[in-house]
Amino acid sequence: MKRCFLTHFIAFLFTITFSLISESAAATNGPEMTIMTEMNPVKQSRHPMYKNGLDIIKHTELDYKVRSMPWNRAYRSAKTTNNAVIFPIYKIPNRKKDFHWVCPIASSRNMYLFRLASRQDLHINTFAQTSGKVIGVVKDSMLHQYILKHHQDSNFSLDSTVYDATNIDKLLNGRLDYIAQSEEQLIEYFKSNNLSHHLVKKELLIYDHTLYPMCMAISKGTAQESVAKIIASHHALFGRHDFSPQAINQGFESCH
């Protein structure tokens, strides 16, 4: 009987001790962070826009989980979820108040209109000349918002989808006149699908990379200690890093 009591007592002490250690570790690490991203954690694990953001979170030693989803859903989820971050994300004026910001985490990009090389009937010098044309863009993206804000008087139609790849497919199949996105995104798609760059031409610069920084955004419902750790980790890893864009050696031919 005494041996049985002693065994149960030791087991009880072990359980209490383990529980206290676990609670202490959780208190040290802070609440688990949820990473919202439109990028594929497997296929794009080495992409600077994803890797740099993940490296910052890892450096904090906070526990985390990654949720990959379409951009518009990732953005809405990050705004309404406590202890959450979203990256990559451009810091544009109407987003500033919704998050704590860590900038930059990667190089910003020039944004262009692209068209099929075979569409010799299309040739523009200004955005206003897109009147009557159909332009593909990612729904609720920074580029989508920029076009609506700065070019809403032009009589074009926007076809918004949740994935860049969908827009590119539509362009290649002749269902769009133009797509609006970065040259780097198009290069990545063409490379992964073994497509010739001669199929598409770069028609018009919408804006250049100096306009908005590429960032990580932290939800307002995130614990202040976690916010401080993320900011400190960004400074430690990238505080002196030059995020000027790298020259594109094998890009798409310009129409001009």
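The values are calculated or read from the model by the stated rules, or taken from the named source; none is laboratory data. As the structure is a prediction and not an experimental result, all values here were calculated from the model. Neighbour counts are summed over all protein chains in view; Cβ atoms, including those assigned to glycine, are modelled from backbone coordinates with ideal geometry.
Take the residues in region 77-97 that are of a type outside the set (S, T, N, Q) and not in a strand (DSSP E or B), then tell me which one is nearest to Lys65 (Cα to Cα).
The residue in question is Ala78.
Does region 58-89 hold any residues that are free of Cβ contacts under 8 Å to residues at least 40 places away in the same chain and within 8 Å of Met36 (Cβ to Cβ), and which are they?
Within region 58-89, Arg67, Met69, Ala74 qualify.
Output the number of residues of region 120-154 satisfying the condition of being assigned to a helix (DSSP H, G or I) and over 28 Å from the mean Cα position of the chain (by Cα).
The number of residues fulfilling the criteria is 2.
Name the single residue that is farthest from Lys91 (Cα to Cα) among those in region 129-146 being among the hydrophobic types (A, V, I, L, M, F, W, C) and at pLDDT 95 or above.
Val134
Quick one: in region 88-118, of everything that is over 16 Å from the mean Cα position of the chain (by Cα) and modelled with pLDDT under 95, which residue is nearest to Ala236 (Cα to Cα)?
Checking each candidate, the answer is Pro93.
Closer than 21 Å to Ile218 by Cα, in contact with a helix residue (DSSP H, G or I) (Cβ under 8 Å, 6 or more places away or on another chain), charged (D, E, K, R) and surrounded by 15 or more Cβ atoms within 10 Å (Cβ to Cβ): which single residue out of Arg73, Arg67, Arg109, Arg115 fits that description?
That would be Arg67, the only listed residue that is closer than 21 Å to Ile218 by Cα, in contact with a helix residue (DSSP H, G or I) (Cβ under 8 Å, 6 or more places away or on another chain), charged (D, E, K, R) and surrounded by 15 or more Cβ atoms within 10 Å (Cβ to Cβ).
Can you work out which of the residues in region 199-256 that are aliphatic (A, V, I, L, M), surrounded by 14 or more Cβ atoms within 10 Å (Cβ to Cβ) and assigned to a loop (DSSP other than H, G, I, E, B) is modelled with the highest pLDDT?
By that ranking, first place goes to Ala223.
Which condition number in (1) modelled with pLDDT of 95 or more; (2) closer than 14 Å to Glu203 by Cα; (3) exposed (fewer than 15 other Cβ atoms within 10 Å of the Cβ) is the one that Arg175 fails?
(2)
Step by step: first the residues of region 41-64, then only those that are of a type in the set (Lys, Arg) and surrounded by fewer than 14 Cβ atoms within 10 Å (Cβ to Cβ), then the one that is nearest to Ser108 (Cα to Cα). Which residue is that?
Going through the qualifying residues, I end up with Arg46.
Regarding Ala217, is this residue touching a residue at least 24 places away in the same chain (Cβ under 8 Å), under 22 Å from Gln250 (Cβ atoms) and among the small types (Gly, Ala, Ser)?
Taking the combined requirement at face value, the residue does not satisfy it.
If you check Leu195 against the conditions, is it surrounded by 15 or more Cβ atoms within 10 Å (Cβ to Cβ), assigned by TED's automatic domain parsing to the domain that holds Arg115, over 28 Å from Cys103 (Cβ atoms) and out of contact with any Ser or Thr (no Cβ under 6 Å at 6 or more places or on another chain)?
The answer is no for Leu195.
Given the criteria hydrophobic (A, V, I, L, M, F, W, C) and modelled with pLDDT of 95 or more, does Val42 qualify?
When the stated conditions are applied, Val42 does not pass them.
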